[in-house]
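Mind having a look at this structure? Questions to follow.
Every number in this text was worked out from the coordinates using simple rules, so none of it is lab data. This one's a predicted model, so the numbers in the text were calculated from it and none came from an experiment. So basically every Cβ, Gly included, is an ideal-geometry build from the backbone, and we count neighbours across all protein chains shown.
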């Protein structure tokens, strides 16, 4: 194992569990991950399409996709942290796929199991004329690029209608975050990172050298654990 | 320098008197703080919820700070507006919240308020709409609000992940 890592890993597993869209039936989901330029997928699928699901014939009226997500990312910088972009499609009366909702959420930054409920929304026509033509041609407005829902620029010009939710479960594991000096949970703050321990050892006076060495030992102990 | 990453989203707003809402947000930090990457302000989409009384914004935030000191810990500032069918915007609430000072995932509900105005303004607002706004929007995150009368409005829901880097090197305990 390299003693001075330059990258950290984020291993993600999880599933697109279920959805709640009272007005619709026969829905499927598409997902993809959107991330910054410093990020790379080392294994797993960046995008996927689920089966077509009918809603349950009981009081819950639930869509269950139970669709797996398994992917590992590599990066040098948390900026551009991956986001999961989900879009839900249904079939209209003529059999063409129509979007029923877009949604996005950041992958959890902390290790562990996390559940997220994503509100799903569709864009609205931007003018009365477009509203009329979309009604005439029975074509809903859609985003040309699905990934706009993961970006913050240019959102002020979009008007949307939110309808329904999706439930997603994530299990995240990170590796070498602490060695690069990053704290993603309060519990790791006590442990000095590799750089910190080295800096402490280098800069401290001889009297404090013992303490620094002890700190370094703790890191080494920590390294063997990882 | 110690670094802070703020990664998350403005999930939405709830508890406002009517829907079709959007939110302008900004982040303010003291002089020791420097934004290395990411947008420090923005505006969300307008959402008209179909079923729920919850305006979904799902607006991503991803900011990278570097800092030399803890003074002036960053805070998020919100202005929630209502947009009517003619595209006119009416102020629905101001609010601010500090970034959490511990790393990890945080669900935050930020309360909001709006200036109430005088009795005459309130009557005028009831009949013809339009809400009083602050002449100086910096009041939202300052402690100088003497002689301002306000009313309570809804909440802004946030989901933020905070990552610290090298705080341990400077002996900061969080």
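Checking the structure you have, find out if any residue of region A:62-71 is surrounded by fewer than 12 Cβ atoms within 10 Å (Cβ to Cβ), over 22 Å from residue A:36 (Cα atoms) and more than 11 Å from chain B (Cβ to nearest Cβ).
For region A:62-71, residues surrounded by fewer than 12 Cβ atoms within 10 Å (Cβ to Cβ), over 22 Å from residue A:36 (Cα atoms) and more than 11 Å from chain B (Cβ to nearest Cβ): present.
Given the criteria free of Cβ contacts under 8 Å to residues at least 24 places away in the same chain, more than 23 Å from residue B:170 (Cβ to Cβ) and within 14 Å of the chain's Cα centre (by Cα), does residue B:43 qualify?
yes
Let me ask something additional. Filter region B:55-71 for residues that are over 15 Å from residue A:156 (Cβ atoms) and either free of Cβ contacts under 8 Å to residues at least 60 places away in the same chain or assigned to a loop (DSSP other than H, G, I, E, B) (or both); which is farthest from the other protein chains (Cβ to nearest Cβ)?
Result: B:71.
For region B:29-51, what are the residues that are more than 8 Å from chain A (Cβ to nearest Cβ), closer than 19 Å to residue B:156 by Cα and part of a loop (DSSP other than H, G, I, E, B)?
Hit for region B:29-51 is B:40, nothing else.
Kindly indicate the residue of region B:150-172 that is facing chain A (nearest Cβ under 7 Å) and surrounded by 20 or more Cβ atoms within 10 Å (Cβ to Cβ) and also farthest from residue B:59 (Cα to Cα) among those meeting that condition.
Only one residue fits best here, namely B:168.
Right, next: Within region A:93-147, restricting attention to residues that are within 11 Å of another protein chain (Cβ to nearest Cβ) and without any contact (Cβ under 8 Å) to a residue 40 or more places away in the chain, which residue is farthest from residue B:51 (Cα to Cα)?
Checking each candidate, the answer is A:106.
I'm checking my understanding of the structure. Among residues of region A:34-61 that are within 14 Å of another protein chain (Cβ to nearest Cβ) and closer than 27 Å to residue B:61 by Cα, which one is surrounded by the fewest Cβ atoms within 10 Å (Cβ to Cβ)?
A:37
For region B:18-28, which residues satisfy the criterion of being in a strand (DSSP E or B) and more than 9 Å from chain A (Cβ to nearest Cβ)?
Answer for region B:18-28, where residues must be in a strand (DSSP E or B) and more than 9 Å from chain A (Cβ to nearest Cβ): B:21, B:23, B:25, B:26, B:27, B:28.
Same structure, new question: Listed residues B:112, B:101, B:118; which is within 24 Å of residue B:161 (Cβ to Cβ) and away from chain A (no Cβ under 14 Å)?
Sole residue among the options that is within 24 Å of residue B:161 (Cβ to Cβ) and away from chain A (no Cβ under 14 Å): B:112.
To continue, here is another question. Among the residues of region A:77-93 satisfying the criterion of being under 17 Å from the mean Cα position of the chain (by Cα) and farther than 16 Å from residue A:31 by Cβ, which is surrounded by the fewest Cβ atoms within 10 Å (Cβ to Cβ)?
The residue in question is A:80.
Test residue A:6 against the criterion of being in contact (Cβ under 8 Å) with a residue 12 or more places away in the chain and not in a loop (DSSP other than H, G, I, E, B), and give yes or no.
So residue A:6 fails the test.
Taking residue B:130 as the residue in question, decide whether it is more than 30 Å from residue A:200 (Cβ to Cβ) and surrounded by 19 or more Cβ atoms within 10 Å (Cβ to Cβ).
Judged against the criteria, residue B:130 is not a match.
Moving on to the next point. Condition first: surrounded by fewer than 17 Cβ atoms within 10 Å (Cβ to Cβ) and either over 22 Å from the mean Cα position of the chain (by Cα) or free of Cβ contacts under 8 Å to residues at least 40 places away in the same chain (or both). Now tell me which residues in region A:9-33 satisfy that.
The answer is A:22, A:23, A:25, A:26.
Condition check: surrounded by 18 or more Cβ atoms within 10 Å (Cβ to Cβ) and over 17 Å from residue B:150 (Cβ atoms). Does residue B:108 satisfy that?
In short, yes.
Checking the condition more than 9 Å from chain A (Cβ to nearest Cβ) and crowded, with 20+ Cβ neighbours inside 10 Å, which residue from B:85, B:3, B:79 passes?
Answer to the selection: B:79.
Going by the conditions given, is residue A:76 away from chain B (no Cβ under 11 Å) and without any contact (Cβ under 8 Å) to a residue 40 or more places away in the chain?
In short, no.
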